[in-house]
Amino acid sequence: MTINNPQVKRRDLLKAGVAASAAMTVGIPLSEVAKAAIQSSEGAIVWTKGVCRFCGTGCGLQVGVKDGRVVATKGDPDAPVNKGLNCIKGYFNAKILYGKDRLTQPLMRRTNGKFDKNGKFEAVTWDEALTEMANQFKRVYKEKGPTGVAILGSGQYTIPEAYAASKLVKAGWRSNNIDPNARLCMASAVVGFYQVFGIDEPANNYSDIEKCNTMVLWGNNMAEAHPVLWSRVADRKLTHKETKIINLTTYKNMSSNMADETIIFAPNGDLAILNYILREIVHRDAIDHDFVNKHCIFAAGGMDIGYGMRPTDKFAFPKEKDIQAKQNAIILSKEEAIAQSRPELAGKEVKQTQQGGKAGAHWSISFEDFKKGVEPYTLDFTAQIAKGDPDESLEDFKKKLKNLADIYIDKKNDILSFWCMGFNQHQRGVWVNELIYSVHLLLAKHARPGNGAFSLTGQPSACGSAREVGTFCHRLPSDLLVAQKPARVKSEKIWGVPEKTINPKVGRAYMEILRGMEDNSVNFVWTQVVNPFQAAPNSNHWLKAARHPENFVVVADAYPTFSCQYADLILPAAMIFEKWGLYGNAERRTQGWQQMANPPGEARTDLWMMMEFAKRLQVKDCWGEQPVPGLKVDGYTDGKLPSVLDEAEKMGIKPDMTLYDVLFARPDNLKVAWPDPDLVSKINSTTAPGNLNWFPEKALFNEYRKFTLGDGHDLADFTTYMNSETRGLIWPVVNGKETLYRFNQDYDPYVKEGGYAFYGKLFKAIPTGNLFGVTDPKPVPLPNKAKIFFRPYAAPVEQPDKEYDLWLCTGRILEHWHTGSMTMRVPELERAQANSFLYMNPKDAEKRGLKNGDVAVCESRRGQVKAIVQTNQRNFMPRGMTWLAFFDRKVQTNQVVIDATDPISEEPDFKKSAVKVYKAQ
């Protein structure tokens, strides 16, 4: 942290800034005198390293503070991720803190001074807010136990916040009903990692962009969703002419502008295309047999797994019921039957297995069975299924597919495959993730410099705070799973709670929590750093559910979001630079920042809220015997969690102690001093309200770090991440050294011999079978092996028909992020793109009497929205396809979107809804 000389006028500042920008643009190095002039022009601004608040790229920032207020941000030239560059959103990190309608005090629905579900919002004190919140929690908990309460969390938590939330719910409440909005964007990627490698997160890193000569985008509009990474991609292409970019997408987008070729495929056509590539690898004998024989096995799983919807239509809108019925049984199409090597089932009803463990079951198969699985995917068959542009000739499409296979197979090509929401928000998202790994593993083009299958993330800490910390309903920190006894025992030991405190039954995933509000099985929901009632699909259901009289909804946020309208209690939250924090990005890079400013009014950190709430719950409120419907685990009475109060007493934990005392203010934590003598910043919005003399963020990170050491997730210490020199480290960090490539002996300290070792521990003992099922149920250990999966083509559950005759795809745009709760409060970004447009093919618009600029209704079985039609810029749709962003509060896109999910990952598919479009009256 440095303070610069303030003796410069504004005119000199402008001159210096223009000169510096011009010099850097043309590559002219700046003299020390010029640098000094620029620094002096910035006045009494204190510059501190920070991290961007938006996507999962993890760009480094320099954050400027003056008079206690964040006044500017700029790209950090020392940050290896972005090398000084920001995207249009990144440049406005300062302004997102200071919107005119920032929340500054708690608000509760009240009438005559008391909580009233139908009352109007009134300002209340923090004590009033948290006391009512605790009373409502206890009401629900007393009636329904741990399964009746929940937190909807976020991939935007800081790591200490996420760790505190997970610990509060799992050790304190003895519930696993915590799930982040990362479920909506990354869950399919997680399961893909688990099932293929036995461990989560990518093997490669961003520097591969500068080492490869080919990049393939699979349903990933990088130019808008990850613009700084796209700048690196563009730089590679422009400076190394041999570099090729292939863009596979369901519509032509901004990434197409730089691509050598755009391949427009039909929804779910990616499954068929990947199987075609696998078939070509097999038929051309392009397999790296040595690598595969040493390091891989072949695998398959169930095909009839449903679509992640409710198995009953009890809560469905009348028009939804026909699609809802497909959760239980479908008529298998001819194309699906052939693709699944079951031609005899074409046109017949096929029962579907319900989501959960059964859907994810898989087993090893022989290479011969794998060959049989991919055999139907000839060029002709694949092209017929996968072609997405009705105006493109079949022959031209086939040439593109053949070229794509040639590119992958060519041994001279160092190739990266990138994907994000197009793969993950997919009714078969796990399958399609697994198939891209199959391609790279067969070719031995993974976990090597310039070669890898690379899953990108959409949120700043979906990796660091949701996945690594374990804020999912099935996870504990560091890839531990709640269903596994050794994982629970390890967690209970580190957390200092009695054995059997942690509930062994997996909790409710994100959509299940919302459905629980609707069916009265979940009545207390606390949302943190998330806007679920705008972001979740089929949202008309959840808007109604939130207002059910028995439900109590708490929304903690910095702004009055759309979700706040449906809350009972609103808690004002501190934002990024108003608290201490760490994020983890898409390349396993953990980055920290020190607090730089105080939040406005009575806004508080999410960590402070959780600790203060924990003070209002006693051990005896949660640690007695509790009902858990459906619990059936060895060592437990069916349907019940045992009391752990007696064991707690033996550990010195008294029944009347608070959860704050037990979970947070532990003796070791109280020894972590605040202020920290080794760090510069002396402000802390978590410690200040209660004058704490211990450092919660550091203490909790220290505790969390214990989970990571020695198992391939190793993190450095808190101070290392916070110091002014460190620009993040890629874990595992062993002996102070980061690991650039996992599983590769040349780089990964956990690989001791053999060149490669896929050492993840999850799902590494599986049965044996064939394409259609298990033949020998005895689990066979597969240490250090990766799985090459066969996963077949399956059609989307809802498709255009006579009434709903168009596809609707949704997504993000360059200027805004997620639901716009931050970016729409930046005037420059709001002016740049004020509306969510309905992108259409001009011929589709003309057919419906619409033209560019008209207002149209977009209607599905679930609801309708109005939006302005756009036909000639940004996104260019093939006939039959439409597109809407979801940032615009005026256009509640997700009221139209189906809530089908991948049945294994339970991640919703936001990309494939059937709609009709007509002119608004």
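The values are calculated or read from the model by the stated rules, or taken from the named source; none is laboratory data. Because the structure is predicted, anything quoted here is derived from the model rather than measured. No Cβ is skipped: glycine too gets one built from the backbone with ideal geometry, and neighbour counts run over all protein chains shown.
Can you report the number of residues in segment 689-700 which are in a helix (DSSP H, G or I) and buried (at least 16 other Cβ atoms within 10 Å of the Cβ)?
Residues flagged as in a helix (DSSP H, G or I) and buried (at least 16 other Cβ atoms within 10 Å of the Cβ) within segment 689-700 amount to 5.
Can you pull out the residues in segment 503-535 that are touching a strand residue (DSSP E or B) at 6+ places or on another chain (Cβ under 9 Å) and assigned to a loop (DSSP other than H, G, I, E, B)?
Those that are touching a strand residue (DSSP E or B) at 6+ places or on another chain (Cβ under 9 Å) and assigned to a loop (DSSP other than H, G, I, E, B): ASN503, PRO504, LYS505, VAL506, GLY507, ARG508, ALA509, VAL522, ASN523, VAL529, VAL530, ASN531.
Restricting to segment 116-138, count the residues that are surrounded by fewer than 20 Cβ atoms within 10 Å (Cβ to Cβ), of a type outside the set (Gly, Ala, Ser) and not in a helix (DSSP H, G or I).
7
Looking only at residues in segment 831-849 that are over 15 Å from ASP805 (Cβ atoms), polar (S, T, N, Q) and touching a Lys or Arg at 6+ places or on another chain (Cβ under 8 Å), which one is surrounded by the fewest Cβ atoms within 10 Å (Cβ to Cβ)?
Step by step, filter segment 831-849, then rank; the result is ASN835.
Scan segment 136-165 residue by residue and report those that are within 30 Å of GLN595 (Cα to Cα) and touching a strand residue (DSSP E or B) at 6+ places or on another chain (Cβ under 6 Å).
ALA150, ILE151, LEU152, GLY153, SER154, GLY155, THR158, ILE159, ALA165
So GLY308 passes all but one of these: (1) within 28 Å of LYS787 (Cβ to Cβ); (2) out of contact with any strand residue (DSSP E or B) (no Cβ under 6 Å at 6 or more places or on another chain); (3) assigned to a loop (DSSP other than H, G, I, E, B). Which condition number does it fail?
All conditions pass for GLY308, except number (2).
What residue, among those in segment 500-554 that are acidic (Asp, Glu) and more than 19 Å from the chain's Cα centre (by Cα), is farthest from TRP126 (Cα to Cα)?
Residue satisfying both the conditions and the ranking: ASP519.
Report yes if TYR704 is within 20 Å of GLU161 (Cα to Cα), in contact with a Gly (Cβ under 6 Å, 6 or more places away or on another chain), among the hydroxyl-bearing types (Ser, Thr, Tyr) and not in a loop (DSSP other than H, G, I, E, B), otherwise no.
Criteria not met by TYR704.
Among the candidates ALA405, ALA462, ALA447, single out the residue that is in contact (Cβ under 8 Å) with a residue 60 or more places away in the chain and under 14 Å from the mean Cα position of the chain (by Cα).
Being in contact (Cβ under 8 Å) with a residue 60 or more places away in the chain and under 14 Å from the mean Cα position of the chain (by Cα) holds for just one of ALA405, ALA462, ALA447, which is ALA462.
Out of segment 238-258, which residues are over 29 Å from the mean Cα position of the chain (by Cα) and either among the hydroxyl-bearing types (Ser, Thr, Tyr) or assigned to a strand (DSSP E or B) (or both)?
THR239, THR243
Only one of TYR98, TYR91 is hydroxyl-bearing (Ser, Thr, Tyr) and within 27 Å of GLU587 (Cβ to Cβ). Can you tell me which?
TYR91
Has segment 657-678 got any residue that is free of Cβ contacts under 8 Å to residues at least 40 places away in the same chain, out of contact with any Pro (no Cβ under 7 Å at 6 or more places or on another chain) and among the β-branched types (Val, Ile, Thr)?
Yes, segment 657-678 contains a residue that is free of Cβ contacts under 8 Å to residues at least 40 places away in the same chain, out of contact with any Pro (no Cβ under 7 Å at 6 or more places or on another chain) and among the β-branched types (Val, Ile, Thr).
Among the helices (runs of 4 or more DSSP H) lying completely within segment 550-668, list those that include at least 1 residues that are under 30 Å from VAL506 (Cβ atoms), touching a strand residue (DSSP E or B) at 6+ places or on another chain (Cβ under 8 Å) and β-branched (Val, Ile, Thr).
Because the criterion is at least 1 residues that are under 30 Å from VAL506 (Cβ atoms), touching a strand residue (DSSP E or B) at 6+ places or on another chain (Cβ under 8 Å) and β-branched (Val, Ile, Thr), the helices (runs of 4 or more DSSP H) in segment 550-668 that meet it are 619-622.
Condition first: surrounded by 15 or more Cβ atoms within 10 Å (Cβ to Cβ), part of a loop (DSSP other than H, G, I, E, B), at pLDDT 95 or above and polar (S, T, N, Q). Can you find one or more residues in segment 338-348 that meet it?
The answer is yes; a qualifying residue exists.
Does ASP776 satisfy being touching a strand residue (DSSP E or B) at 6+ places or on another chain (Cβ under 6 Å) and exposed (fewer than 15 other Cβ atoms within 10 Å of the Cβ)?
Against the criterion (touching a strand residue (DSSP E or B) at 6+ places or on another chain (Cβ under 6 Å) and exposed (fewer than 15 other Cβ atoms within 10 Å of the Cβ)), ASP776 qualifies.
Got a sec? Which of TYR141, TYR194 is touching a residue at least 24 places away in the same chain (Cβ under 8 Å), within 16 Å of the chain's Cα centre (by Cα), assigned to a helix (DSSP H, G or I) and surrounded by fewer than 24 Cβ atoms within 10 Å (Cβ to Cβ)?
TYR194
Taking the stated definitions as given, is PRO390 within 30 Å of PHE876 (Cα to Cα) and in a loop (DSSP other than H, G, I, E, B)?
yes
Sort out which residues of segment 622-634 are touching a residue at least 60 places away in the same chain (Cβ under 8 Å) and out of contact with any Phe, Trp or Tyr (no Cβ under 7 Å at 6 or more places or on another chain), and write them in order of number.
TRP623, GLN626, PRO627, VAL628, PRO629, GLY630, LEU631, VAL633 - these are the residues of segment 622-634 that are touching a residue at least 60 places away in the same chain (Cβ under 8 Å) and out of contact with any Phe, Trp or Tyr (no Cβ under 7 Å at 6 or more places or on another chain).
Regarding segment 105-118, can at least one residue be identified that is charged (D, E, K, R), free of Cβ contacts under 8 Å to residues at least 12 places away in the same chain and out of contact with any Leu (no Cβ under 9 Å at 6 or more places or on another chain)?
Scanning segment 105-118 turns up at least one residue that is charged (D, E, K, R), free of Cβ contacts under 8 Å to residues at least 12 places away in the same chain and out of contact with any Leu (no Cβ under 9 Å at 6 or more places or on another chain).
Could you tell me whether any residue of segment 751-759 is within 30 Å of GLY60 (Cβ to Cβ) and in contact with a strand residue (DSSP E or B) (Cβ under 8 Å, 6 or more places away or on another chain)?
Looking for residues that are within 30 Å of GLY60 (Cβ to Cβ) and in contact with a strand residue (DSSP E or B) (Cβ under 8 Å, 6 or more places away or on another chain), one finds at least one in segment 751-759, hence yes.
Please identify the pairs in which a residue from segment 503-532 that is over 13 Å from ASN181 (Cβ atoms) has its Cβ atom under 7 Å from the Cβ atom of a residue that is part of a loop (DSSP other than H, G, I, E, B) and aromatic (Phe, Trp, Tyr), counting only partners at least 6 apart or on another chain.
Between residues of segment 503-532 that are over 13 Å from ASN181 (Cβ atoms) and residues that are part of a loop (DSSP other than H, G, I, E, B) and aromatic (Phe, Trp, Tyr), the close pairs are PRO504/TYR636; GLU518/PHE315; ASP519/PHE315.
Among the candidates SER821, SER836, which residue alone is touching a helix residue (DSSP H, G or I) at 6+ places or on another chain (Cβ under 7 Å), among the small types (Gly, Ala, Ser) and either farther than 30 Å from GLY198 by Cβ or free of Cβ contacts under 8 Å to residues at least 24 places away in the same chain (or both)?
SER836
Just to be sure I understand, how many residues within segment 138-179 are out of contact with any helix residue (DSSP H, G or I) (no Cβ under 8 Å at 6 or more places or on another chain) and not small (Gly, Ala, Ser)?
Count: 6.
Under 8 Å between Cβ atoms, which residue pairs at least 6 apart in sequence (or on different chains) link something in segment 278-305 that is in contact (Cβ under 8 Å) with a residue 24 or more places away in the chain with a partner that is among the basic types (Lys, Arg) and in a helix (DSSP H, G or I)?
VAL282/LYS371; GLY302/LYS358; ILE305/LYS358
Quick one: SER478 ticks every box in (1) assigned to a helix (DSSP H, G or I); (2) over 25 Å from ILE898 (Cα atoms); (3) touching a residue at least 60 places away in the same chain (Cβ under 8 Å); (4) not β-branched (Val, Ile, Thr) bar one, so which box is it?
Of the numbered conditions (1) assigned to a helix (DSSP H, G or I); (2) over 25 Å from ILE898 (Cα atoms); (3) touching a residue at least 60 places away in the same chain (Cβ under 8 Å); (4) not β-branched (Val, Ile, Thr), the odd one out for SER478 is (1).
Kindly indicate whether any position in segment 404-426 is among the charged types (D, E, K, R) and in a helix (DSSP H, G or I).
yes
Report the residue count in segment 96-115 for those that are over 17 Å from PRO549 (Cβ atoms), surrounded by fewer than 17 Cβ atoms within 10 Å (Cβ to Cβ) and β-branched (Val, Ile, Thr).
Count: 1.
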